[in-house]
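Chemist: Before we start, here is the structure in question, set down as structure tokens.
Derivation of every value follows stated rules applied to the coordinates shown; laboratory data play no part. No experiment lies behind these values; they were computed from the predicted model shown. Cβ placement follows ideal geometry from the backbone for every residue including glycine, while neighbour counts extend to all protein chains displayed.
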Amino acid sequence: MNTKFTNAIVRKPCPAMVHGITSADLGKPDYALALEQHTNYVSALKECGLNVTVLEALNDFPDSTFIEDVALCTSKFALITNPGAPERNLEISFIREPLQKFFSVIEEINSPGTLDAGDVMMAGNDFYIGISERTNHKGAEHLINILRKYGMIGTKIPLSTMLHLKTGLSYLENNNLLVSGEFINNPAFDKFNQIVVDENEAYSANSLWVNGKVIVPKGHSNTKVQIENAGYTTIEVDVSEFQKLDGGLSCLSLRF
Ligand code: CIR
């Protein structure tokens, strides 16, 4: 099955993003620069052929621009998650309506299960689900049961240091997987052709395949060259202000 995306949903960053959750120690984001970078990110998605719906900023939710965490979009259904960080949990109230424009079936994860979709990596009909500080076993098992209804498979991957599964892994289609840190040599990923990300470019393990092109965070030339050597065209986008909040390229959109 060849994946092809036609749409993306993004949410503009809000001024309160400077108070977002972070472990990065890279300083506070510059809001004006973040807005500019977000615009460039949207342009890159359009360059990959996507129609992009840009949702208004949610001023009460500093991390709401990381829209990937609140929903999972598959070829058969959309799912509203139950984010594991209490200060982010209510972001889900604002995603149902935009999803309803595109999906007739919307599933959801309920408490006590928690799930951030940054912990979910789709590889065709196989979904890998990180067990993290945000996603618990109950949330992952609930998702696995939902996937099964649609003929899809979910596998749990326990995390030890990463925030989210996709902090350290990106599926580039064609059986190619970008891997870093704790995921290197994990037997769960043996079947993939692995592109191992240099430790000093670890942030670029979150790169983004969209319709044959790969968006790479600016300043990670080694990863960029490795991805190009694997046969992809790359697009560089600077997302430094989002990195300051532990967010990467995939976190900034839903693609389907
Ligand atoms: C958070 O801690 O929730 C945000 N500051 C960053 C979320 C990044 N999202 C992702 O990796 N999918």
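Chemist: Using the number of other C-beta atoms within 10 angstrom as an exposure proxy, rank Cys251, Cys73 with the fewest first.
Modeler: With the fewest neighbours first, Cys251, Cys73 line up as Cys73, Cys251.
Chemist: Continuing with this model, one more query. About the Cα centre of region 7-255, how large is the charge dipole given +1 on each Lys and Arg Cβ and -1 on each Asp and Glu Cβ? Please answer in debye to the nearest 20.
Modeler: Computed charge dipole of region 7-255: roughly 720 debye.
Chemist: Of Gln243, Tyr128, Ile144, whose Cα points farthest to the positive end of the dipole of the chain (charges on the beta-carbon: +1 Lys, Arg; -1 Asp, Glu; origin at the Cα centre)?
Modeler: It is Ile144, whose Cα lies furthest towards the positive end.
Chemist: I need two numbers for region 7-255: Rg to one decimal and Dmax as a whole number, Cα atoms only, in Å.
Modeler: Expressed in Å, the Cα Rg and Dmax of region 7-255 come to 16.6, 44.
Chemist: Now for a separate question. Counting only residues 5 or more places away or on other chains, whose amide H sits under 5 Å from the amide H of Val214 once H atoms are built in the peptide plane?
Modeler: Here the answer is Thr233, Thr234, Ile235, since their amide H atoms fall under 5 Å of that of Val214.
Chemist: Let me ask another. Can you find, among Thr3, Ala34, Ala24, the residue sitting farthest towards the positive end of the charge dipole of region 1-81, where Lys and Arg contribute +1 and Asp and Glu -1 at Cβ?
Modeler: Thr3
Chemist: Next question, about the same structure. Which aspartates and glutamates does Lys224 reach when only Cα atoms under 15 Å apart count, and residues fewer than 8 places away in its own chain are ignored?
Modeler: The qualifying aspartates and glutamates are Asp198, Glu199, Glu201, Glu236, Asp238.
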